[in-house]
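Undergrad: One structure is given below, represented as structure tokens, and several questions about it will come after.
The values are calculated or read from the model by the stated rules, or taken from the named source; none is laboratory data. Model, not experiment: these values are computed from the prediction. Cβ atoms come from the backbone with ideal geometry, glycine included; neighbour counts cover every protein chain shown. Only protein heavy atoms, including side chains, enter the accessible area calculation; ligands, DNA and RNA are left aside. Shrake-Rupley method; radii C 1.70, N 1.55, O 1.52, S 1.80 Å.
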Amino acid sequence: MHLSGAILCQDNAAYIGTVLENMSPYCDEIVVVDGGSTDGTQDVVSAFPKVRLFERQWDGNFSRQKNYAYDRCKGRWILNLDTDELLGGPGAKWLRALTYLPGAHWYSFPRMWLVRGEDGELRYLTSKRYWRDRQLRLFRNTRGFRYDEVRTPTHTEFAGKHGLGRALRQPWLYHYTFLMQSREEREAKCERYSKEHPNVEHLNRMYLWEESGSALDPVPTDPPKLPTAELAMG
């Protein structure tokens, strides 16, 4: 098997199907790890023929939960998305082909943090903090590409990049969290993260984008829609 998708979920029945549809064209299988859903998420996930569903009770450690998913992937490569992300842009069609290039071990994608501008139009944050928020989400399925469960339990990071790789200009990783969560919900998340991980406050406060002073630019192409974000996206 060549390429495995990997995703965590918990109570995401309203939109997990859209994320799986987005991943499916690139993947031979999709490993889904459910943390204890009570809203029927497992039923939605199980309807996808490429999915292998595992259940592991959520313990608050993203790195541990993702490593559990990666360890169950059968592919030589792994593509990881979060449930508030979708791949898109013209370069997405080449994603699978990239994994066949000789000597390649990893690829990172630019992530677009989507918001609504004052004019109601869809924008993305262009400051260095956000637009340079590159995500290494396509990598070889080796032990070197596992997260440090002690040092980075929430803001996941690999210990290092192993082998040759490339930071791509495309595809884009569209990030919908600001369209899906209210300011109050994001403030609560930031407060929780700050208590748990005060040493990375610059990462915790990214969720309060209104305080960043970041410029907003129009999204270059229409991104795919995530159901719970459709009202905000128009």
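Undergrad: Considering L87, L122, which residue is touching a residue at least 60 places away in the same chain (Cβ under 8 Å), under 17 Å from the mean Cα position of the chain (by Cα) and under 28 Å from G213 (Cα atoms)?
TA: Every option except L87 fails the conditions.
Undergrad: Could you say whether any residue in the range 61-79 is open to solvent by 30 Å² or more (accessible area, probe 1.4 Å), within 22 Å of P223 (Cα to Cα), in contact (Cβ under 8 Å) with a residue 40 or more places away in the chain and in a loop (DSSP other than H, G, I, E, B)?
TA: No: the range 61-79 contains no residue that is open to solvent by 30 Å² or more (accessible area, probe 1.4 Å), within 22 Å of P223 (Cα to Cα), in contact (Cβ under 8 Å) with a residue 40 or more places away in the chain and in a loop (DSSP other than H, G, I, E, B).
Undergrad: Within the range 22-59, which residues are open to solvent by less than 20 Å² (accessible area, probe 1.4 Å), in a helix (DSSP H, G or I) and out of contact with any helix residue (DSSP H, G or I) (no Cβ under 8 Å at 6 or more places or on another chain)?
TA: Applying the first criterion (open to solvent by less than 20 Å² (accessible area, probe 1.4 Å)) to the range 22-59 yields 23, 27, 29-35, 37, 41, 45.
In the following step, the residues that additionally are in a helix (DSSP H, G or I) were identified as 23, 41, 45.
Matches in the range 22-59: M23 only.
Undergrad: What are the pairs with Cβ atoms under 8 angstrom where one residue, in the range 181-209, is over 15 Å from R151 (Cα atoms) and of a type in the set (D, E) and the other, located anywhere, is outside any helix (DSSP H, G or I) and modelled with pLDDT of 90 or more? Sequence gap at least six, or different chains.
TA: Close Cβ pairs satisfying both conditions: E187/L208.
Undergrad: Another question, then. Can you spot a residue in the range 112-127 that is surrounded by 13 or more Cβ atoms within 10 Å (Cβ to Cβ) and within 18 Å of L79 (Cα to Cα)?
TA: Checking the range 112-127: at least one residue is surrounded by 13 or more Cβ atoms within 10 Å (Cβ to Cβ) and within 18 Å of L79 (Cα to Cα).
Undergrad: Anything in the range 83-97 that is within 17 Å of A6 (Cβ to Cβ), part of a helix (DSSP H, G or I) and open to solvent by less than 30 Å² (accessible area, probe 1.4 Å)? List them, or say none.
TA: At the first step, the residues of the range 83-97 found to be within 17 Å of A6 (Cβ to Cβ) are 83-87, 95-96.
Narrowing further to those that are part of a helix (DSSP H, G or I): 95-96.
Residue satisfying the conditions is L95 alone.
Undergrad: Where residues in the range 213-234 are open to solvent by less than 60 Å² (accessible area, probe 1.4 Å) and modelled with pLDDT of 90 or more, which of them is nearest to N22 (Cα to Cα)?
TA: Top of the filtered list is V219.
Undergrad: Could you please give the count of residues in the range 1-21 that are assigned to a loop (DSSP other than H, G, I, E, B) and either among the aliphatic types (A, V, I, L, M) or open to solvent by 30 Å² or more (accessible area, probe 1.4 Å) (or both)?
TA: Qualifying residue count, the range 1-21: 6.
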